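Just below is one structure, and these are the notes that go with it.
The values are calculated or read from the model by the stated rules, or taken from the named source; none is laboratory data. Nothing here was measured: the structure is a model prediction, and the numbers come from that model. Protein only, heavy atoms only, side chains kept; ligands, DNA and RNA dropped before computing areas. Shrake-Rupley method; radii C 1.70, N 1.55, O 1.52, S 1.80 Å.
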Amino acid sequence: MTDAATSDALALDFGKRFLDNLRAHLTGAPTTPSWAHDFEQAMSATEPSFSLVAQGMNAHLTVDLPAAIAHTDVPRSCHADYIELGEALAAGLLQLSANGKKHYGLDISDLLQGYQPGRMLSAIFGPHLPSRITFQELREIAWQQGQALRAGDLEAAHGLVDNESSY
């Protein structure tokens with residue numbers, strides 16, 4: 001984002017939401033419902049799994065990000081910068097996947113790359129197209145939900161989640 005103060009505030013609030021929930025979980029304090037289930041599943045797992053990663057990503061992108069957007073009062077005028085930042089973040093998804101495979105033996109690259117159809121699209125339209133589209137779509141939903149929360153329109157914010165949950 002070209003507004004560095006807004007970008008910094010959003011990034012810090014977004015990260016803090018996960019860290020606050022992790023601290024709460026580790027100390028036996030209540031966590032948000034979205035993280036409670038994920039942490040419960042992680043504690044009972046014998047090894048890392050795609051499901052655990054997906055649950056954590058879901059909680060972080062569909063609950064924490066909209067709340068951070070609303071809480072830090074990111075104005076609609078920052079939308080283009082928000083999308084540009086998402087492109088930069090999306091470029092790192094496959095490296096994140098490679099690190100997960102290297103350190104935990106967990107390979108989510110097929111999902112991020114859209115399996116074979118996604119690989120074919122990437123060959124035609126550019127590298128990592130499916131992961132960029134999916135990531136940016138999730139971020140766009142979070143943006144819309146965050147703006148609705150920011151405006152106090154809880155019904156619209158809730159409706160965005162309900163409409164997207166059918167995918």
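Every Cα-Cα pair of segment 8-149 was included, and the share exceeding 26 Å stands at 31 percent. For segment 1-50, the per residue solvent-accessible surface stands at 67 Å², with DNA, RNA and ligands left out and a 1.4 Å probe. Here the accessible area of segment 1-94 is 63 percent carbon and sulfur, with a 1.4 angstrom probe and all protein chains present. The stretch between residue 36 and residue 98 holds 19.6 nm of extra length on full extension. This uses 0.36 nm per residue minus the Cα-Cα distance.
In the assembled protein chains, residue 71 presents an accessible area of approximately 130 Å² (probe radius 1.4 Å).
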